[in-house]
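Nothing in this text is a laboratory measurement; each read-out follows from the coordinates by a stated rule. Values in this document were obtained by computation on a predicted structure and should not be read as measured data. Cβ: placed from backbone, ideal geometry, glycine included. Neighbour counts: every protein chain shown.
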């Protein structure tokens, strides 16, 4: 007994971790799509580690930022690999995020409001973090992307121009802007860790959803070893995809204009963000009015907050709604179409196609949860007829 008491006191933290992760009760029928949450955690860890390593050599100054990035790529031992993991890791991060969100929409995970809303906040934080990081190399597209995005704040009545000047630290994007972006880019990941803890707290409080979307209290299994094996397979698969981009196609997901130093006197012919923002960029430019385009772009993201409140189905999972499964894949196709159109210049027919896809995006996203009751009504009517 004298040996047992100190042992329990010394390992109380391990007991908490074990109850939250190791022995966590999980539904028995979780599929591989539930592994993307763990992949996102691994992506964040990799981004923090590689970003910390890059900060040893990066100089947040308008005259030296671009040269410091080139120095890392050419002169620092394995610097090219660390920088490529960091830049391509952001793309893999968003790949996992979009699959994670799509899984939540398909299986009705958004009905757990606390988990879902905190997750959407995390998504917004990742978007802000990636935009700040995209500016840091100080290439042509980075510089003009910062100019375009920050200039949107001028759409705010009365105080918009003052806010932009405060963000810039002057009347143009300059060294002060870069320094502020670098500071926030370094701080936000640690704030994300706090929000992730809140996300997991809500998740473990209510328990994970499952493909059927039904209560599984009577069919629970521990997280280890059943789902740790699945997560390890997901980690290996994600790492293989990442290393393919790092070692084989390091610039496939980037923009070649970022290898031209920033020039405030030479505007690129076609300014575009990274691929994971292209859907929102297409929506932005599809609205002729500046303020309307900004509101539509923000609405395309904040629409996710509405999902728990406009769900009308008896069941939460689309496994019971065949027609809405087609509507879900239609929305996925529209998302892909918006991304492809965003890569094209603002010319016909791309402009008109972008406007049509923008309408389809909002209509499809709203119809997905709003029309579930129709299928329940049809099934109820048919069952009543057969009973007679």
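What to note about this one:
- Fluctuation leader among 161, 185, 270 - the chain, Gaussian network, Cα springs under 10 angstrom: 270
- Its convex hull of Cα atoms gives the stretch 114-167 a direction-averaged projected area, equal to a quarter of the hull surface, of 4.7 nm².
- For 68, 31, order by how many other beta-carbon atoms lie within 10 Å, fewest first: 31, 68
- Mean separation of Cα contacts under 8 Å (6+ apart) over length of the stretch 197-315, as relative contact order %: 16 percent
- Annotation for residue 366 and residue 29: the two label points, set 7 Å from Cα along the Cα-Cβ direction, are 3.3 nm apart.
- Cα-based equivalent ellipsoid of the stretch 284-342: semi-axis lengths in Å, sorted from largest, via gyration tensor: 27, 16, 7
- Sequence-separation-based contact order of the chain, relative, with Cα cut under 8 Å and 6+ spacing, percent: 23 percent
- Set the Cα radius of gyration of the stretch 272-380 against 2.2 N^0.38 Å, with N its number of residues, and you get 1.18.
- Anisotropy class of the stretch 227-300 from Cα gyration tensor, a/c 1.5 cut: oblate
- Tensor-based shape of the stretch 160-255 (alpha-carbon gyration tensor, a/c under 1.5 rounded, otherwise prolate or oblate): oblate
- For the stretch 102-209: rounded, prolate or oblate by the Cα gyration tensor [a/c cutoff 1.5]: prolate
- Read-out Kirkwood radius over Cα pairs in Å, derived from the coordinates shown; its label in (1) 23.3; (2) 22.1; (3) 26.7: (1)
- Counted residue by residue at 0.36 nm each, then reduced by the alpha carbon distance between them, the extension gain from residue 378 to residue 248 reaches 41.6 nm.
- Neighbour-count ranking [beta-carbon atoms within 10 angstrom, fewest first] of 372, 132, 212, 347: 347, 212, 132, 372
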